[in-house]
There are 2 protein chains.
Amino acid sequence: MALVVQKYGGSSVADASCIKRVAQRIVATKKAGNDVTVIVSAMGDTTDELLDLAEQVSPLPPGRELDMLLTSGERISMALLAMAIANLGYEARSFTGSQAGVITNSTHGKARIIDVTPSRIREALDRGHIAIVAGFQGVSQDTKDITTLGRGGSDTTAVALAAALDADVCEIYTDVDGIFTADPRIVPTARKIPKVSYDEMMEMAACGAKILHLRCVEYARRFALPIHVRSSFSTREGTWVVSDPYTEGTEMEQPIISGVAHDRSEAKITVVGVPDKVGEAAAIFKTLAGAEINIDMIVQNVSAAATGRTDISFTLPTADSSTALTALKRMQGEIAFESLLFDDQIGKVSLIGAGMRSHPGVTATFFAALADAGVNIEMISTSEIRISVIVDQDDVDVAVAAAHRAFELDADQVEAVVYGGSGR
Amino acid sequence: MALVVQKYGGSSVADASCIKRVAQRIVATKKAGNDVTVIVSAMGDTTDELLDLAEQVSPLPPGRELDMLLTSGERISMALLAMAIANLGYEARSFTGSQAGVITNSTHGKARIIDVTPSRIREALDRGHIAIVAGFQGVSQDTKDITTLGRGGSDTTAVALAAALDADVCEIYTDVDGIFTADPRIVPTARKIPKVSYDEMMEMAACGAKILHLRCVEYARRFALPIHVRSSFSTREGTWVVSDPYTEGTEMEQPIISGVAHDRSEAKITVVGVPDKVGEAAAIFKTLAGAEINIDMIVQNVSAAATGRTDISFTLPTADSSTALTALKRMQGEIAFESLLFDDQIGKVSLIGAGMRSHPGVTATFFAALADAGVNIEMISTSEIRISVIVDQDDVDVAVAAAHRAFELDADQVEAVVYGGSGR
């Protein structure tokens, strides 16, 4: 008997009939002889509606109270799901994050999980019950206040709880069939990836693939917990995220590139005319860190000997732009740079693949493909298993398609893809 | 510095602007130098909407899960209220029933409070915070599951928490100015009662006065906690419910009758031709108790010597009628009664007043007033401070007005009464 942890997102439990359908799938897993623990998000637009209410009451609600408010969303969906399962003749028990032992720090709105002590879940499973757990929420170790985990929170709950329960698999249900070699809306010939490593998945998540959140994959890697990303609208196998996808079976050769990711949510800031002295770059990035801004790519040009000055460019989430620009402007006296340039019409295109380690020439092929497609490269950043370039936002689609073709990722036929929530 | 516990019902926090108004009243109480703990119900129709959702998912949802679902309602209202208070520059902290230490038994849907251990509330008050507590909910001692207290639950939470905190007063905010000598919709000359005893209030609650629930008054009496029932739409004094309203000041003489209550929610069942033997009545009421039906009034006619049979009539909540009739029908073989009669077109009119103890002749005056008004009495039941009669439902208004007049309860002028939620 296996222990299966399943996670259903908001679109999978959007209304009463969705909830009943999910209940049937859960019961089918139980009937197949498994112990089942389910993590569930708030129904459809509930969280947005609650945020709306908060906004009507206060322009800047305290984090503690906002978390208290938002966590009512999962309370509703998990209770309804437990009822729907009971209706099918199986015993289900719903548990809040606190009841499930999801212990966090006390950073409201984006708390981090410190520990998971799921004694009540174990007890429920031992009695043969199906445990339903609220995603996205926990209880702070110090203050015993209710917290929320921030973006990707329910996936993280699922993986953390699966690890604590020593589950055999954590199934993440979504509205697509799995992870694809590229966004099928841009590349209709994109293929579903059967298996991918944690490292590759983390790079994909960091580079704009939205299906799994970086934190949840990090967590799974730490505990070597297999994740199975699959559609709640079909019973097909999805994508397995595991430690090493290519040692287990010999059925396939490792591809050089696993996928092409893209991200349009970043902007670029260039600090022009920075004095080329020790410590100036440090001062810039200390200023940005102080404003709690996550920097992605950084490029420093070679200093022009004549001026003794250099330009430093970096990318960051567009949403953080004005905070970053304000913080830098305030430091202009100390850092003595000349000016700031800002560009939010950029896009990032990334090649990801553990296979590129053993294949020299990947960069050359990639850049040649972009050049042939007429795409200009503005910035470059690489890791051992990733190459990212910043291009004009209008060139993103062309660049993704060109890279996908150049590394022979195109499927022979277009797969029947359910994307973006159709089929609901 | 006094400790004031305030309770606001669903209509007082129906939307964002209501919540802001309530926040101002709470802050005013705090500004006046009091410690303040607030108990809040779910917003307006939230509970009904959640029940609707449950019904869509399951015809008979498990009690544990229904409680989990319904308690999300107060979670929303209390978090929003805390935000609104923070907006006014005061620190507020919201607490679930569980966090507030409301310990109950595990009867889901109508749990009883076993203990209140409000250490987190005390701590919040000690820090100068305003504590906001979810009404209607608690946590079961045995299973640590979330429970709800059933009808009148938020009032009971307020009184229980006020008692545990040794509060100076528990203010119950409603949409009328207090307790009236009769329902002002029936008797426009009804007066607001300035003070009333716990015993009288309990009789009123049991006889159909809907403003305070019986359980909450029982609880307040046990701890001699003063309740102040008042309008959330004005700052006027409402009605004080206290141990002995007439010993404290000498400003008023005790009235014979405090008020006239009525109730249209009961039905009457008559068990015809019960063998006049020891144990037959016991068998009937044991049957009803087994079906968990609360009986109100009981009348047994004198047995007709010729037949050796008697009729037993009783009243019960109309909603329980079919359960009761089915249970009795099933016992007809054993009890050997002849037939069952059912009448839901009845109403109960009750005179309540501690003063009637020392005034003989109250019954005579009451019955004479009803006779003069042409009202026929079907059943009679009395306690030391109450006389109730069952009449035809169409006669209820006339009977209430006649009794009100006969005991000189009419005000000289019609008070400006806000009733039934107008003014919102």
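The values are calculated or read from the model by the stated rules, or taken from the named source; none is laboratory data. Quantities reported herein were computed from a predicted structural model and do not represent experimental measurements. Note: ideal-geometry Cβ built from the backbone for every residue, glycine included; neighbour counts use all protein chains shown. Note: areas computed on protein heavy atoms with side chains; ligands, DNA, RNA excluded. Shrake-Rupley method; radii C 1.70, N 1.55, O 1.52, S 1.80 Å.
List the residues of segment A:119-144 whose accessible area drops by at least 20 Å² when all protein chains are present, compared with their chain alone, using a 1.4 Å probe and counting only protein heavy atoms.
In segment A:119-144, residues shielded by partner chains: A:Arg120, A:Lys144.
Mind grabbing the interface size between A and B? I mean buried accessible area, both sides, 1.4 Å probe, in Å² to the nearest hundred.
So the buried area, both faces added, is about 3200 Å².
Could you please put A:His262, A:His213, B:His228 in sequence from largest to smallest accessible area, using a 1.4 Å probe?
A:His213, A:His262, B:His228
From the Cα gyration tensor of chain A, with a ≥ b ≥ c the square roots of its eigenvalues, which class applies: rounded if a/c is under 1.5, or else prolate if a/b is larger than b/c, or else oblate?
Oblate, because a/c is 1.5 or more while a/b does not exceed b/c.
Calculate, for segment B:249-424, the solvent-accessible area per residue in square angstrom, rolling a 1.4 angstrom probe over the heavy atoms of the protein chains.
Accessible area per residue, segment B:249-424: 50 Å².
Please work out how many pairs of lysine residues in segment A:3-174 are eight or more positions apart (or on different chains) and have Cα atoms closer than 30 angstrom.
Taking the Cα cut-off of 30 Å, the pair count is 8.
Note the angle between two axes, namely the Cα long axis of helix A:153-164 and the longest principal axis of the Cα atoms of chain A, as a number of degrees from 0 to 90, rounded to the nearest 10.
Rounded to the nearest ten degrees, it is 60.
Taking every DSSP beta bridge that has both residues in the protein assembly as shown, what percent is antiparallel when rounded to the nearest 5?
Antiparallel bridges make up about 60 percent of those DSSP assigns within the protein assembly as shown.
Hey, in the GNM for chain A with a 10 angstrom Cα cutoff, which one of A:Thr239, A:Thr117, A:Thr157 fluctuates hardest?
Highest fluctuation of the listed residues: A:Thr117.
Need one word for segment B:249-424: rounded, prolate or oblate. Basis is the Cα gyration tensor (sqrt eigenvalues a ≥ b ≥ c); a/c below 1.5 gives rounded, then a/b vs b/c decides.
Judged from the Cα gyration tensor, segment B:249-424 comes out prolate (a/c at least 1.5, a/b above b/c).
Among A:Ala162, A:Ala84, A:Ala289, which one shows the biggest mean-square fluctuation in a GNM of chain A, springs joining Cα atoms closer than 10 Å?
A:Ala289
In percent, how large is the relative contact order of chain A, given Cα pairs closer than 8 Å and 6 or more residues apart?
Dividing the mean separation by the residue count of chain A yields 14 percent.
Rounded, prolate or oblate, given the Cα gyration tensor of segment A:3-174, with a/c below 1.5 counting as rounded?
Oblate, because a/c is 1.5 or more while a/b does not exceed b/c.
Among all the lysines, which ones have a C-alpha under 18 Å from B:Lys348's C-alpha, if same-chain residues fewer than 8 places away are not counted?
Partners found: B:Lys210, B:Lys268.
Give the calculated FRET efficiency between A:Ser358 and A:Asn105 to the nearest 0.05, with a Förster radius of 25 Å applied to their Cβ-Cβ distance.
0.05
Ordering A:Met331, B:Met83 by how much accessible area each has at a 1.4 Å probe, largest first, what is the list?
Output order, biggest surface exposure first: A:Met331, B:Met83.
Please report, as a whole percent, how much of the solvent-accessible surface of segment B:3-174 comes from carbon and sulfur atoms (probe radius 1.4 Å).
Solvent-exposed carbon and sulfur of segment B:3-174 make up 45 percent of the total.
With every protein chain present, what accessible area does B:Tyr90 have (1.4 Å probe, heavy atoms only), rounded to the nearest 10 Å²?
70
How about segment B:101-189: which trypsin sites (Lys or Arg not before Pro) there lie in a loop by DSSP and see at most 10 other Cβ atoms within 10 Å?
B:Arg127
Just the accessible area per residue of segment B:3-174, please: how many Å² with a 1.4 Å probe?
Result: 33 Å² of accessible area for each residue.
Which residue, chosen from B:Ser231, B:Gly97, B:Ser12, occupies the Cα position most advanced towards the positive end of the dipole of chain B, where the dipole is computed from +1 (Lys, Arg) and -1 (Asp, Glu) charges on Cβ about the Cα centre?
B:Gly97
As an exercise, use a Förster radius of 45 Å and the Cβ-Cβ distance of B:Asp48 and B:Ala368 to find the FRET efficiency, rounded to the nearest 0.05.
0.50
Tell me which GluC sites (Glu not before Pro) from segment A:295-403 have a DSSP coil assignment and no more than 11 other beta carbons within 10 Å of their own.
A:Glu384
Hey, what angle do you get for helix A:280-290 against the long axis of chain A, alpha-carbon based, 0 to 90 degrees rounded to 10?
Once rounded, one gets 30 degrees.
Looking at the axis that maps chain B onto chain A, which chain B residue has the closest Cβ, and how far off is it in Å, rounded to a whole number?
B:Ser72, 2
Testing the spin-label approximation: label points 7 Å from Cα along Cα→Cβ at B:Glu338 and B:Gln141. State their distance in nm.
5.0
For A:Phe95, B:Phe285, give me the order by solvent-accessible area with a 1.4 Å probe, most accessible first, ignoring ligands, DNA and RNA.
Ranked list, largest accessible area first: B:Phe285, A:Phe95.
With both bridge residues required to lie in segment A:3-174, what share of the DSSP beta bridges run antiparallel, to the nearest 5%?
Once the DSSP bridges in segment A:3-174 are tallied, antiparallel ones form about 20 percent.
Among A:Val274, A:Val169, A:Val260, which one shows the highest mean-square fluctuation when chain A is modelled as a Gaussian network with alpha-carbon springs under 10 Å?
Its mean-square fluctuation being the largest, the pick is A:Val274.
What angle do you read, to the nearest 10 degrees and between 0 and 90, between the alpha-carbon axis of helix A:362-372 and the longest principal axis of chain A?
So the inclination is approximately 70 degrees.
Would you please name the trypsin sites (Lys or Arg not before Pro) within segment B:303-379 that are DSSP coil residues with at most 15 other C-beta atoms within 10 Å of their C-beta?
none
For the protein assembly as shown, what does the helix formula give at 222 nm: sum of -39500 (n - 2.57) over DSSP H segments with n ≥ 4, over the residue count, nearest 500 deg cm²/dmol?
That comes out to -9500 deg cm²/dmol.
List the residues, sorted by chain then number, that are 5 or more residues from B:Met43 or on another chain and whose placed amide H is less than 5 Å from its amide H.
B:Ser77
Roughly how far apart, in whole Å, are the Cα centres of segment B:1-31 and segment A:148-204?
Distance between centres, Cα-based: 46 Å.
Give the separation of the Cα centroids, segment B:338-403 to segment A:349-393, in Å.
Segment B:338-403 and segment A:349-393 have Cα centres spaced 91 Å from each other.
Would you mind working out the magnitude of the charge dipole of the protein assembly as shown relative to its Cα centre, with +1 at each Lys and Arg C-beta and -1 at each Asp and Glu C-beta, to the nearest 20 Debye?
Approximately 1060 debye in magnitude.
Give me the percent of DSSP beta bridges within chain A that run antiparallel, rounded to the nearest 5.
Percentage antiparallel, nearest 5: 60.
Taking 0.36 nm per residue of separation and subtracting the Cα-Cα distance, what length does fully extending B:Ser243 through B:Val278 add?
Answer, rounded to one decimal: 8.5 nm.
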